[in-house]
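Visitor: One structure coming up, written as structure tokens, with questions to follow.
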Amino acid sequence: MEVTTLSYENLHNHGELFANMFRARHRSFILQNKWDLPQANGMEFDQYDTPASRWVAVHENGQVLAGIRLTPTTHRCGIYSYMIRDAQNGLLASIPSSLLYEEAPVADHIWESSRVFVSDLVPANLRLRVQLQLRHEMVISARNLGATSVLGLIPENSRRLGRRVGLECEPAGPVMDIDGVDCVCVTINMAGKMH
């Protein structure tokens, strides 16, 4: 099992891995979760998959087992910035604008984590290992990008997993029902200890 952080600068070094990340997202978000998202050629993508983002992939033999997208909170592309801020500004109908207690941050040292998934193809006995590797690489990548914290919208019950790997996941907004799942925005301190 390997973990790779992909960017537009290095994707040519990883063969099909970048495309396989979007195929795995399609399977997780469109086929499994039944979310109405942009798709083409069996791949899921959105307006935040730009050269400014990074993608962390846990993979084995070319198959993507899990992934996370990291996007700088300073990024702009047309009317869009990053998902949580755009939701707060009323640009995303599927996410309530009241998701944060305060104004969404725009700072070089804060990145957003989004499109987090673990494939349904990962057997139950490997899921925790895959999740731990995914979070560990996310922290390494975020720190390498200069992030001292990461803002994410996660299922409320995922906060426990963060604690298991030494991440401080502090609520940054209220618990909300999004597509039948209790979700919450959290700030994850990148200075915490990793186990």
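The values are calculated or read from the model by the stated rules, or taken from the named source; none is laboratory data. Since the model is a prediction, treat every value here as computed from it, not as a measurement. Don't worry about glycine lacking a Cβ; one is built from the backbone with ideal geometry, like all the others, and counts go over all protein chains shown. Protein only, heavy atoms only, side chains kept; ligands, DNA and RNA dropped before computing areas. Shrake-Rupley method; radii C 1.70, N 1.55, O 1.52, S 1.80 Å.
Visitor: Between the alpha-carbon centers of region 154-188 and region 81-125, tell me the distance in whole angstrom.
Guide: Region 154-188 and region 81-125 have Cα centres separated by 11 Å.
Visitor: Would you mind counting up the charge near residue 29? Only other residues with Cβ under 9 Å from its Cβ, with Lys and Arg at +1 and Asp and Glu at -1.
Guide: Working: positive: 25, 27, 34, 115; negative: 44.
Cβ neighbours under 9 Å give a net charge of +3.
Visitor: Pick out, from 185, 52, 158, the residue whose Cα sits farthest towards the positive end of the charge dipole of the chain, with +1 on the Cβ of Lys and Arg and -1 on the Cβ of Asp and Glu.
Guide: 158
Visitor: Please work out how much accessible surface residue 168 shows to a 1.4 Å probe, ignoring ligands, DNA and RNA, in Å² rounded to 10.
Guide: For residue 168, solvent-accessible area is about 90 Å².
Visitor: Over region 114-195, average the accessible area per residue using a 1.4 Å probe and give it in Å², no decimals. Walk me through the intermediate numbers first.
Guide: Details: 4050 Å² over 82 residues.
Computed with neighbouring chains in place, this is 49 Å² per residue.
Visitor: Hey, another quick one. Could you pull out every residue, at least 5 positions away or on a different chain, whose amide H is within less than 5 Å of the one on residue 149? Hs are placed 1.01 Å off N in the peptide plane, and Pro or chain starts have none.
Guide: 111, 190
Visitor: In the chain, if the dipole is taken from +1 on Lys/Arg beta carbons and -1 on Asp/Glu beta carbons about the Cα centre, which of 7, 38, 130 is farthest to the positive end?
Guide: Among 7, 38, 130, the one farthest towards the positive end of the dipole of the chain is 130.
Visitor: Using the Cα atoms of the chain, I'd like the radius of gyration and the largest Cα-Cα distance, Dmax, both in angstrom.
Guide: My reading of the Cα-based Rg and Dmax gives 15.6, 43 Å.
Visitor: For region 31-111, give the magnitude of the charge dipole about the Cα centre (Cβ charges: +1 Lys/Arg, -1 Asp/Glu; no others), in debye to the nearest 20.
Guide: On the way: 5 positive and 9 negative charges, 12 e Å.
Computed about the Cα centre, the dipole is about 60 debye.
Visitor: Keeping all protein chains in position, work out how much accessible area residue 178 exposes to a 1.4 Å probe, and write it in Å² to the nearest 10.
Guide: Estimated to the nearest 10 Å², residue 178 gives 20 Å².
Visitor: Taking the Cα of residue 50, stepping 7 Å toward and past its beta carbon, and measuring to each backbone N in region 59-95: which are under 17 Å?
Guide: The answer is 69-92, whose backbone nitrogens lie closer than 17 Å to the label point.
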